[in-house]
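Please treat every number below as a calculation from the coordinates, not as lab data. For clarity, every value in this text was computed on a predicted model and none was experimentally measured. Don't worry about glycine lacking a Cβ; one is built from the backbone with ideal geometry, like all the others, and counts go over all protein chains shown.
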Amino acid sequence: MDKSSKNYSSRIYLEKYLEDFGKKSTVYTALVEAITNAIDAIRNLGNNSVKGRIEVHIEREATLVDDQNTSIRKITIEDNGVGFTDENRDSFNTLYSQLKSSDGGKGLGRMFYIKYFRDVSVSSIYSDDGSYYSRNFRFGRKYDIIENEENGHIAGDDLYATGTTLVLSGYIGKTAFNDELEVFAHRILEKILNYYVISTIDMPTIIIYDGDKSIQLDTLIGEDENCDIRKKDSGTFTIKDQTFNYQMFELRRVYTQKSRILLTANSKVVTETKIENYVPEFSTDFVSTSSEGQDVKYIVRFYVYGKYLDQNVNNERTEFNFADEADMIFNIGQKDIEKQTALEAKRLLGDEVKTRLEAKRQSIEKYAEQNVWYKPYVQYLNVEQLKMNLSNEDIENELHLAKFRQDKTRRENANKIFDFNLPNKDFSMKTQVEKIVDALTETDKSNLAEYIASRQTVLRLFEKALQWDSEEKYEKECILHDIIFPRNRDLTDTHYSDHNLWIIDEKLNFTSYLSSDKQAFVESKDRPDIAAFHYPVSYRGVNEAQNPVSIFEFKRPGRFDFIRQTEEDPIEQIVRYVKQFRDGEIKTPEGREILVGKHTPFYGYVIADVNGDVRDWLSDVKDMKSLPDCQGWFDDRTNINLHIEFITWEKLLKDAQIRHRIFFEKLGIN
């Protein structure tokens, strides 16, 4: 024969094909496919005088321990349907068969058998022209679906009835398969509950056997409150002129399941989605009270079906052709259907959802009461979208995020508040103040209140540190120093909110660089307690000679001996520091020279206590001028551009309290 004329047929290597087949499936996909095929076979029998029956027999690995659920090694599914006629047989051996296309069948479901079981065999009796025939075969795993087929006429026709026995053995799935009978039955039933939804389907009796125990599936379903699966509400909804139907079931045997939305096509469950993805209040079990007064946990299932779903399912019936979101091809996405179903679920369980939502809201408000700076942000939370059973960490994160968003909005709108121009003949101070206050959000007011309240706390702590202790000794200056600015720190490792330089001078909040008592700051051991570099007038930023420098020295409260020790003289210490700056002896943390010039302004502050001797020393020896309250003195060393002030600890505290008094009064926190 001429090889060029030889007929070659395409072949598929099944095991390779199965690697990418049904990636979202489980072993129950195969079992449900077998049972639904049996249901179809019974429906196709067309003999209403015979009650349809399907039996599922579970065989497990041997065990020496009673009541232990070992791995399932074999499952036999028997039905009294039409059997494997020649037509069914030819369709069975053809991928993408069109025999059941009118019922949504794609001819691929049987591939799940060999995806999850090593050995699959079929024994069937069918009728043809009043005679009965037997057909037996095994599923192939290489190129042929049907192998070792035997088919022939059976003598004694009156002794037989049609039907099929499918044997699935040698489980090869990747996860354990050892569910107890009740779980097994429920998982099967959940997948085929939609068959019980459609009233036109006369469902056969389905019984599952496991050793000496058995469960008849339809006995688990009913409208009585004692049923394990309770048929509840049903209804329809419309999305863009497409009608969808749903049936709601309550499942009493909960195990680890969640309330779900199941989208079905052609009587098969295609996708499952947790309702909590749309309504968080469905994340935990619901509870009802039985007729005996006992609490019973349950979850809900919403089975959705309709023409749109039937027409747009993939060949394997594991996914829909449309995407999650609507697009140019499909104007309804999967999420559109699920969202609408979730709204129906929320409506039907409205009272329970409201109770859970209120509990969630109360937990957030309780946290905000304990962390008052978050109270204004509670109103910006979409509580309905937050998960159930929020931990304190969850609430903190949500409120912090809300604060960030609101602060961002506030910053963006800040310039709009001050949109008036001066001079303006219509300008009114009262009008502009009202305008600004109205523009402030509760968040702005809360932020300001928190900040002022924190300052009051600092001043109380500062006042306490200045008091006598039990031994009538003042706290060492290091404690007061740390309140004002932590020692051995600088602004490279200290945020502005972590120091309290505002006690001395408000402009120091805006200091660009500051070093506190750092040995490395000065090449010699003689170093200032604090040295601050400012921008012009307020603070030093760029390292430029015209920008001022501030220097601070602290002396422990109750100490006065510094007037008799030259090396402890705080006035002269500051003068020495200024000379070190001018001579280039002080470096930045990066080792760069700090630029100062002939006209660089310096400000020196000494914070200490005074007595009569110190007062005399300041006026007679240091020639410093006294302020009217006799708690402060000042002098100017024009030869080095130094303005220096001597301030008592008491004056430092008192002045800070006076500056803040009006704020404290407005907040009612005096």
Nitroxide proxy distance, nm - points 7 Å out along Cα→Cβ at N331 and S214: 5.3 nm
Across K587/K622; K74/K174; K115/K307; K231/K268; K213/K268; K23/K297, pairs whose alpha-carbon gap is larger than 22 Å: K587/K622; K115/K307; K213/K268; K23/K297
Karplus (6.51, -1.76, 1.60) ³J(HN,Hα), θ = phi - 60°, over the stretch 269-278, in Hz, Gly and Pro reported as x: 6, 9, 10, 10, 9, 5, 5, 4, 4, 10
Cβ-Cβ FRET estimate between E572 and I658, R0 fixed at 25 Å, reported to 0.05: 0.20
Nonlocal amide H pairs with I332, under 5 Å, H built at 1.01 Å: D327
Average Cα contact separation per residue, the stretch 223-348, under 8 Å, 6 or more apart, as relative contact order %: 25 percent
Long-range amide H partners of G83 with built H, under 5 Å: G163
Length gained when the stretch Q379-S626 is fully extended (0.36 nm per residue, less Cα-Cα span): 83.5 nm
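Cut-off is 10 Å between beta-carbons; in what order do R301, R615, R230 appear when sorted fewest neighbours first?
Starting with the residue having the fewest Cβ neighbours, the order is R615, R230, R301.
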Sum of side-chain charges, Y308 neighbourhood, beta-carbon under 13 Å (Lys, Arg +1; Asp, Glu -1): -1
Point-to-point label distance, H599-I154, nm (Cα→Cβ direction, 7 Å offset): 11.6 nm
The stretch 615-668 - charge dipole about Cα centre, Lys and Arg +1 at Cβ, Asp and Glu -1, debye rounded to 20: 280 debye
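Pull out the extension gain between R361 and V50, defined as 0.36 nm times the separation in residues minus the alpha carbon to alpha carbon distance; nm, one decimal.
106.2 nm
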For the stretch 175-180, 3J(HN,Hα) per residue [Karplus equation, 6.51 cos²θ - 1.76 cosθ + 1.60, θ = phi - 60°, Hz, x = Gly/Pro]: 10, 4, 9, 9, 4, 5
E665/T638 FRET efficiency (R0 25 Å; Cβ-Cβ; nearest 0.05): 0.05
Inter-probe distance in nm under a simple model that places probes 7 Å from Cα toward Cβ, at E182 and N611: 8.6 nm
Residues V610, V353 arranged by fewest to most Cβ contacts within 10 Å: V353, V610
